[in-house]
Amino acid sequence: MTVGTADIDPKALRDCCGRFATGVTVVTTRTPEGDHGMTLSAFMSVSLDPPLVCISVARGANMLPKLRTSGRYAVSILKENMRAHAQHFAGRHDTALRDLFEDRAGLPVLRGAAAVLVTDVAQTVEAGDHVLLLGAVRHLEYRPVARPLLHHAGHFGGVIAHAA
Ligand SMILES: Cc1cc2nc3c(=O)[nH]c(=O)nc-3n(C[C@H](O)[C@H](O)[C@H](O)COP(=O)(O)O)c2cc1C
């Protein structure tokens, strides 16, 4: 499908960018109201020195005002067997999922994640209908051989073959 520059349709843009396969994370934070998590694929590493990562959060997400209040977020990178977690934190609540969080450096993170990063928000960039939040990494941990959950063209999947 080809779309000219004059009229970029939001759905076409989303579908086009959906051809880029990503991992899947659950971003969490803590405020006086309690702990909150949301599924997020717009995560990237930004800088090693200083250590910075970035997430992109929709303006309409309940998460955004909580992030502005707390000034901190954690990123839990999901394993292949955590598809139910991805759906749960994207609004399809699954009552079978219990005792989901454990604490790391003062924030909730997902038990059993492939990797976890805990950050302090260093900079926010208002970006159209989303907000970019650069996070200074304060804590990290990862399982070297965990298989990741992937997302591509609206579907979840996993790694079939891995050279490592
Ligand atoms: C695979 C997947 C990836 C997603 N990635 C993002 C994302 O990068 N940024 C975002 O704002 N929402 C993303 N969402 C949508 C949010 O998870 C969803 O809107 C969620 O319900 C927001 O929760 P909240 O409004 O309670 O904070 C994604 C959803 C799914 C299923």
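The values are calculated or read from the model by the stated rules, or taken from the named source; none is laboratory data. From a predicted model like this one, the values you see are computed outputs, not experimental measurements. Cβ sites come from the backbone with ideal geometry, for glycine too, and all protein chains shown count toward neighbours.
Within region 23-38, count every residue that is touching a Phe, Trp or Tyr at 6+ places or on another chain (Cβ under 8 Å) and surrounded by fewer than 20 Cβ atoms within 10 Å (Cβ to Cβ).
2
Taking region 52-100 as the search range and keeping residues that are acidic (Asp, Glu) and over 15 Å from the mean Cα position of the chain (by Cα), which one is nearest to the ligand (Cβ to nearest atom)?
94
Among (1) away from the ligand (no atom under 16 Å from the Cβ); (2) hydroxyl-bearing (Ser, Thr, Tyr); (3) under 20 Å from residue 157 (Cα atoms), there is one condition residue 47 misses while meeting the rest; what is its number?
Tallying (1) away from the ligand (no atom under 16 Å from the Cβ); (2) hydroxyl-bearing (Ser, Thr, Tyr); (3) under 20 Å from residue 157 (Cα atoms), residue 47 fails exactly one: (3).
Out of 65, 32, 51, report the one residue that is touching a helix residue (DSSP H, G or I) at 6+ places or on another chain (Cβ under 9 Å) and over 21 Å from residue 149 (Cα atoms).
Among 65, 32, 51, only 32 is touching a helix residue (DSSP H, G or I) at 6+ places or on another chain (Cβ under 9 Å) and over 21 Å from residue 149 (Cα atoms).
Scan region 95-119 residue by residue and report those that are at pLDDT below 95 and acidic (Asp, Glu).
Once the filter is applied, which keeps residues that are at pLDDT below 95 and acidic (Asp, Glu), region 95-119 yields only 99.
Could you go through region 69-90 and let me know if any residue there is of a type in the set (A, V, I, L, M), farther than 20 Å from residue 152 by Cβ and surrounded by 13 or more Cβ atoms within 10 Å (Cβ to Cβ).
So far as region 69-90 goes, yes, one or more of its residues are of a type in the set (A, V, I, L, M), farther than 20 Å from residue 152 by Cβ and surrounded by 13 or more Cβ atoms within 10 Å (Cβ to Cβ).
Do we have any residue at all in region 23-42 that's touching a Lys or Arg at 6+ places or on another chain (Cβ under 9 Å) and closer than 23 Å to residue 152 by Cα?
Yes, region 23-42 has at least one match.
Conditions tested, residue by residue: (1) of a type outside the set (Val, Ile, Thr); (2) under 16 Å from residue 38 (Cα atoms).
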residue: 82; (1), (2): yes, yes
residue: 125; (1), (2): no, no
residue: 140; (1), (2): yes, no
residue: 147; (1), (2): yes, no
